[in-house]
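The values are calculated or read from the model by the stated rules, or taken from the named source; none is laboratory data. What you see is a predicted model, and the numbers here were worked out from it, not measured in a lab. Cβ atoms come from the backbone with ideal geometry, glycine included; neighbour counts cover every protein chain shown.
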Amino acid sequence: MTRSRQSTTQASVVKPLASNGSVSVSRLSTEVQRAFLQGGVLSTHIQGFSARESQMQMAQGVSEAIASKGNLVIEAGTGVGKTFAYLIPALLSGKQVIISTGSKNLQEQLFFKDLPALTSMFGIEPKLALLKGRNNYLCQWRLDKQMREASHIEARLLDDLLKINQWAGISQDGDIGALTSVPEHSSALPLVVSTKETCLGKRCDFYEVCFTRKARSRAMDAKIIVVNHHLFFADSVLKDTGFAELLPDPDVVIFDEAHLLPDICVNYFGQQCSSRTIDDLIQKLLAIYQTELSDTGQIAQFCQRCLTKLSDWHNQLYSAGESDWRLVLGNKLLATASWDLLAELTALQNLLMAHIGRSELLDDIAIQLAELNNKLNVFFHCDNNQAAYSVEFGSRFVVLRISPINIARECQQLFVPETSWIFTSATLQVNRNLAHFAREMGIVDAAQSILDSPFDYPRQAVFCVPRQLGNVANQQQALKQLVDVCVQAIDAAQGRTFILFTSHNMLEQTALALRARTQYPLLVQGQAGKQSLLTKFRQLGNAVLLGTSSFWEGVDVRGKLLSCVIIDKLPFVSPDEPLYRARADNVSRQGGDPFTEVSLPQAIIALKQGVGRLIRDEKDRGVLILCDNRIVNRYYGQAFLNSLPPMARTRDLDKALAFLRTIP
């Protein structure tokens, strides 16, 4: 499908088929098909529009799922045009639909670009709502608090706060993403966005004009609600705990970028607790003590003891550097520090319970502390063999995480039969099969379809696994081989290259080696934020970008700016990673093979994401180089090859370089 400038043809009025949630399969399919055909709404309004067969097949599949209250899992390769293929049936059905995306960029594209364009073309006016997580909205109470303390604020921070205050007076929705007068990394923003911890609810003086509350209210009344996966599953957790939901119970849920769902579900169906959460809670209690409870000296003493134990615990965890929490508890010193911290926090909780009723804010903290201690008890006892217990290290804090090794049961409880559930992405199938994704997500009774990309991959792209890559004895030899290949490819491509890594260590060593061997500009992950690096890559036109996991997906660089993608290794997860280890142990207990059931499918999906950075448009041309000969030498290599686009293949690096030199 091509989308160029819209013509000025008057909108065709197409009435949505259902106002009561009921629509026949044949009627919806007919209307959707009519929209895509020559002379239909799309070709009338979009100059040069031509529907692809795969796009129409997807639109028909989505229509059938919506009309029959069925489920659908569909991989739509890059270029199919899946966005219109699910938006048009959703709009024409007249049903209430939640569309959930994996990225904020796609979320905003749907709401601000695609949906307005389609509703205008079809002459319909359904209520549309965009709902983001609460920390995307300005909190007027927090802003007011900062402004009242302006005399104590440093000049640069105050300048940003004044700009935010001015913007708040004219903003209709309080979406921080629309704030352009303040840099996105301004230290003022964390001080004024809405947070669960600081929200006063109906007690707030700004409750009636609260941006977060109004956004949620609009979502409840809308026909089409655009959210992201994190918000969707946060809402499901809220419903399970009995708190007010953020979203309605819709007729249809469509997940785009659905390949991200398994990892997101693991986070939301698990538990986590960070040292920063503990510190923030104690600091909040100390602030209340100074203003409302200064006659209760014990509280300050107990808080200081907790902070001391927290610091000891935090420092010992950092020194050990162990990511598996079970192994942490097996270390006597670390276990003692953990239980000592919990003992002090429990003592503080007991002290606060003796003062319940003196202050509403104190009561809230007492409840939060009790919940925190209960959570830490679960972590420290570590007795669930159906979960992975891990430690993650941030720049200044640690996070404890309990991750379920199987999310299928929780997902099945969420995917109620009264709703149509549609899952789509360009990367769902493993070895030409969608069973792995469906099994992992607990999806049953779903139609399944794989729609290949319409791109001419044999003509547009060459896939090379260089023959000269041998089995090396150490990392230094591997580094030398990788750098030699990179230098040749970068020269042939005149820059215009992504180099994707499976480890930060190899990225850093390669960047260091390349600086001495190429004149092309190097952009290295960590030098700046992801979007800043991508912007500079596009501006320079001859740059080389080196990145790890975050650059393997969600990056769209089209045309001649990107001609070569180099991947250092097959992206297998580390066998020491706690969640993988727990899943592998569980599969082994059931008599299965952890490699083929856990490790291999994950690596295939990850590789497909990295490969997908190369060809983004029907006019793109380029070379993919994989510096890992296991894909041709090992028995499992064919499963990778079967899952990738049908690019021309060669083991002769010179042929791949020759192809690169033909790209102007």
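Any residue at all in the stretch 331-354 that's farther than 30 Å from I299 by Cβ and assigned to a loop (DSSP other than H, G, I, E, B)?
Looking only at the stretch 331-354, we keep the residues that are farther than 30 Å from I299 by Cβ, and these are 331-332.
Keeping just the survivors that are assigned to a loop (DSSP other than H, G, I, E, B) gives 331.
Yes, that holds for at least one residue.
For residues that are under 16 Å from C627 (Cβ atoms) and not in a strand (DSSP E or B), scanning just the stretch 447-472, find the one that is nearest to the chain's Cα centre (by Cα). Write out each step before concluding.
Narrowing the stretch 447-472 to residues under 16 Å from C627 (Cβ atoms): 462-472.
Imposing the further condition that a residue be not in a strand (DSSP E or B) reduces the set to 465-472.
Values: V465: 30, P466: 33, R467: 36, Q468: 37, L469: 34, G470: 36, N471: 35, V472: 35 Å.
Among those residues, the one meeting the criterion is V465.
Here are some conditions: (1) surrounded by fewer than 16 Cβ atoms within 10 Å (Cβ to Cβ); (2) of a type in the set (S, T, N, Q); (3) closer than 30 Å to I66 by Cα; (4) free of Cβ contacts under 8 Å to residues at least 12 places away in the same chain. N433 meets all but one. Which one does it not meet?
(1)
Do we find a residue being among the basic types (K, R), surrounded by fewer than 22 Cβ atoms within 10 Å (Cβ to Cβ) and part of a loop (DSSP other than H, G, I, E, B) anywhere in the stretch 589-605? Write out each step before concluding.
Taking the stretch 589-605 as the starting set, the residues that turn out to be among the basic types (K, R) are 589.
Applying the additional criterion that residues be surrounded by fewer than 22 Cβ atoms within 10 Å (Cβ to Cβ) yields 589.
The next check asks that each one be part of a loop (DSSP other than H, G, I, E, B); those that pass are none.
The answer is no, given that none of the residues of the stretch 589-605 is among the basic types (K, R), surrounded by fewer than 22 Cβ atoms within 10 Å (Cβ to Cβ) and part of a loop (DSSP other than H, G, I, E, B).
For the stretch 376-412, give me each residue that is out of contact with any Lys or Arg (no Cβ under 8 Å at 6 or more places or on another chain), under 12 Å from G270 (Cα atoms) and in a strand (DSSP E or B).
Hits for the stretch 376-412 are A387, L400, R401, I402, S403, P404.
Residue by residue through the stretch 234-263, note down the ones that are at pLDDT below 95 and farther than 18 Å from A222 by Cα.
Those that are at pLDDT below 95 and farther than 18 Å from A222 by Cα: A234, S236, V237, L238, K239, D240, T241, G242, F243, D263.
Exactly one condition in (1) at pLDDT 95 or above; (2) among the small types (G, A, S); (3) surrounded by fewer than 22 Cβ atoms within 10 Å (Cβ to Cβ) is not met by S574; state its number.
Result: S574 fails condition (1) only.
Could you check, for the stretch 130-149, whether at least one of its residues is hydrophobic (A, V, I, L, M, F, W, C) and under 27 Å from H259 (Cβ atoms)? Can you show your working first?
So in the stretch 130-149, the residues hydrophobic (A, V, I, L, M, F, W, C) come out as 130-131, 138-139, 141, 143, 147.
Still in the running and under 27 Å from H259 (Cβ atoms): 130-131.
Within the stretch 130-149, one or more residues are hydrophobic (A, V, I, L, M, F, W, C) and under 27 Å from H259 (Cβ atoms).
Scan the stretch 371-387 for residues that are farther than 20 Å from L327 by Cβ and either over 27 Å from the mean Cα position of the chain (by Cα) or among the hydroxyl-bearing types (S, T, Y) (or both) and jot them down.
The answer is E371, N373, N374.
How many residues, within the stretch 523-571, are free of Cβ contacts under 8 Å to residues at least 60 places away in the same chain, farther than 19 Å from G102 by Cβ and crowded, with 18+ Cβ neighbours inside 10 Å?
9
If only one of I631, I625, I615 is assigned to a helix (DSSP H, G or I), touching a residue at least 12 places away in the same chain (Cβ under 8 Å) and at negative phi, which one is it? Steps first, answer last, please.
On the way: I625 fails: assigned to a helix (DSSP H, G or I); I615 fails: assigned to a helix (DSSP H, G or I).
Result of the check over I631, I625, I615: I631.
Show the residue pairs meeting these rules: Cβ distance below 7 Å; 6+ apart or different chains; first residue within the stretch 474-485 and touching a residue at least 60 places away in the same chain (Cβ under 8 Å); second residue surrounded by 17 or more Cβ atoms within 10 Å (Cβ to Cβ) and part of a helix (DSSP H, G or I).
L482/T510; V485/L653
Just name the residue that is nearest to L507 (Cα to Cα) out of those in the stretch 543-573 that are among the aliphatic types (A, V, I, L, M) and not in a loop (DSSP other than H, G, I, E, B).
As a first pass, look at the stretch 543-573 and keep what is among the aliphatic types (A, V, I, L, M): 543-546, 555, 557, 561-562, 565-567, 570, 573.
Pick out the ones that are also not in a loop (DSSP other than H, G, I, E, B) and you get 544-546, 561, 565-567.
Details: V544: 12, L545: 10, L546: 7, L561: 21, V565: 14, I566: 12, I567: 11 Å.
Top of the filtered list is L546.
Name every residue in the stretch 125-154 that is without any contact (Cβ under 8 Å) to a residue 60 or more places away in the chain and of a type in the set (G, A, S), in order of residue number.
Going through the stretch 125-154, the residues without any contact (Cβ under 8 Å) to a residue 60 or more places away in the chain turn out to be 125, 136, 142-143, 145-154.
Answer for the stretch 125-154, where residues must be without any contact (Cβ under 8 Å) to a residue 60 or more places away in the chain and of a type in the set (G, A, S): A150, S151.
What's the total number of residues in the stretch 39-76 that are modelled with pLDDT of 95 or more, outside any helix (DSSP H, G or I) and crowded, with 19+ Cβ neighbours inside 10 Å?
The number of residues fulfilling the criteria is 6.
Would you be able to tell me the number of residues in the stretch 437-446 that are surrounded by 15 or more Cβ atoms within 10 Å (Cβ to Cβ) and either farther than 14 Å from I407 by Cα or basic (K, R) (or both)? First the steps, then the outcome.
At the first step, the residues of the stretch 437-446 found to be surrounded by 15 or more Cβ atoms within 10 Å (Cβ to Cβ) are 437-438, 440-443, 446.
Retained after the next criterion (residues that are either farther than 14 Å from I407 by Cα or basic (K, R) (or both)): 446.
Summing the residues that are surrounded by 15 or more Cβ atoms within 10 Å (Cβ to Cβ) and either farther than 14 Å from I407 by Cα or basic (K, R) (or both) in the stretch 437-446 gives 1.
(1) more than 34 Å from the chain's Cα centre (by Cα); (2) in a helix (DSSP H, G or I); (3) not hydrophobic (A, V, I, L, M, F, W, C): which one isn't true of Q368, the others all being true?
(1) is the only condition that Q368 fails.
Determine whether the stretch 641-663 contains at least one residue that is in a loop (DSSP other than H, G, I, E, B), among the hydrophobic types (A, V, I, L, M, F, W, C) and over 27 Å from the mean Cα position of the chain (by Cα).
yes
Suppose we keep only residues that are assigned to a helix (DSSP H, G or I) and aromatic (F, W, Y) within the stretch 117-144. Which one would you say is surrounded by the most Cβ atoms within 10 Å (Cβ to Cβ)?
As a first pass, look at the stretch 117-144 and keep what is assigned to a helix (DSSP H, G or I): 117-122, 134-136, 140-144.
From what is left, the residues that are aromatic (F, W, Y) are 122, 141.
Working: F122: 23, W141: 19.
So, considering only residues that are assigned to a helix (DSSP H, G or I) and aromatic (F, W, Y), the one surrounded by the most Cβ atoms within 10 Å (Cβ to Cβ) is F122.
Which condition number does V598 fail, the rest of (1) within 24 Å of A478 (Cα to Cα); (2) without any contact (Cβ under 8 Å) to a residue 40 or more places away in the chain; (3) within 22 Å of the chain's Cα centre (by Cα) being met?
Exception for V598: condition (1).
Tell me the residue from P262, P248 that is more than 20 Å from L138 (Cα to Cα) and in a loop (DSSP other than H, G, I, E, B), please.
Values: P262 fails: in a loop (DSSP other than H, G, I, E, B).
That would be P248, the only listed residue that is more than 20 Å from L138 (Cα to Cα) and in a loop (DSSP other than H, G, I, E, B).
If a residue has to be touching a residue at least 24 places away in the same chain (Cβ under 8 Å), crowded, with 16+ Cβ neighbours inside 10 Å, in contact with a Lys or Arg (Cβ under 7 Å, 6 or more places away or on another chain) and assigned to a loop (DSSP other than H, G, I, E, B) to count, how many in the stretch 155-213 make the cut?
So the answer is 1.
Within the group R409, R358, which residue is surrounded by fewer than 19 Cβ atoms within 10 Å (Cβ to Cβ), charged (D, E, K, R), more than 20 Å from the chain's Cα centre (by Cα) and modelled with pLDDT of 90 or more?
On the way: R358 fails: modelled with pLDDT of 90 or more.
Of the residues listed, the single one that is surrounded by fewer than 19 Cβ atoms within 10 Å (Cβ to Cβ), charged (D, E, K, R), more than 20 Å from the chain's Cα centre (by Cα) and modelled with pLDDT of 90 or more is R409.
Given (1) at pLDDT 95 or above; (2) in the same structural domain as G321 (by TED's automatic domain parsing); (3) among the polar types (S, T, N, Q), where does Q386 come up short, assuming only one miss?
(1)
Given the options Q519, Q509, Q494, name the one that is of a type outside the set (A, V, I, L, M) and either within 29 Å of the chain's Cα centre (by Cα) or closer than 25 Å to H259 by Cβ (or both). Break it down into steps so the answer makes sense when it comes.
Values: Q519 fails: either within 29 Å of the chain's Cα centre (by Cα) or closer than 25 Å to H259 by Cβ (or both); Q494 fails: either within 29 Å of the chain's Cα centre (by Cα) or closer than 25 Å to H259 by Cβ (or both).
Result of the check over Q519, Q509, Q494: Q509.
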